[in-house]
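The values are calculated or read from the model by the stated rules, or taken from the named source; none is laboratory data. This structure is a prediction, so every number in the text was calculated from the model and none was measured. Cβ sites come from the backbone with ideal geometry, for glycine too, and all protein chains shown count toward neighbours.
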Amino acid sequence: MPFFGVQTATVSAAHKLLKIGQAQMLPFTQHRLANGKGYELTIHPVFENFPTDDEYQDVVRINQFIEQQVLKCPGQYFWAQPRFKSRPEGEASVYKCD
């Protein structure tokens, strides 16, 4: 699935669990407060018309939401996560240094 324009392995469990449980997607984000004083939690609106019958598009939609939130404050994102570890066949690793 694309994440910031790079094909990356993406877990599709949210789509599957929401379909099975006939539940809604209620996204949230957290923001680390200065001086280690905790977190501020933001509850976002429920995803409308979600999940659909298209697992790929649902997962892309989740990635797009994450991208939008990361762009608001990139320093808050957990960039150390090896999100791009699995690469499509023939594509170079984004973690190797020359």
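The set of residues in the range 12-36 being in contact (Cβ under 8 Å) with a residue 40 or more places away in the chain and of a type in the set (Val, Ile, Thr) consists of 29 alone.
Counting only residues that are of a type in the set (A, V, I, L, M) and surrounded by 11 or more Cβ atoms within 10 Å (Cβ to Cβ), how many does the range 21-45 have?
Restricting attention to the range 21-45, the residues satisfying the condition of being of a type in the set (A, V, I, L, M) are 23, 25-26, 33-34, 41, 43.
With the extra rule that they be surrounded by 11 or more Cβ atoms within 10 Å (Cβ to Cβ), the set shrinks to 23, 25.
Counting residues in the range 21-45 that are of a type in the set (A, V, I, L, M) and surrounded by 11 or more Cβ atoms within 10 Å (Cβ to Cβ) gives 2.
Let's see how each residue does on (1) over 13 Å from the mean Cα position of the chain (by Cα); (2) closer than 25 Å to residue 89 by Cα; (3) among the polar types (S, T, N, Q):
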site	(1), (2), (3)
8	no, yes, yes
23	yes, no, no
33	yes, no, no
36	yes, no, no
44	yes, no, no
51	yes, no, no
54	yes, yes, no
59	no, yes, no
67	no, yes, no
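Evaluation of residue 18 against the conditions (1) loosely packed, with under 15 Cβ neighbours inside 10 Å; (2) modelled with pLDDT of 90 or more; (3) not in a loop (DSSP other than H, G, I, E, B); (4) not polar (S, T, N, Q) shows that the sole unmet condition is (1).
Among the residues making up the range 21-54, those that are polar (S, T, N, Q) and assigned to a strand (DSSP E or B) are 29, 30, 42. Looking across the range 1-10 at every residue that is touching a residue at least 12 places away in the same chain (Cβ under 8 Å) and in a loop (DSSP other than H, G, I, E, B), the one that is nearest to residue 74 (Cα to Cα) is identified as 4.
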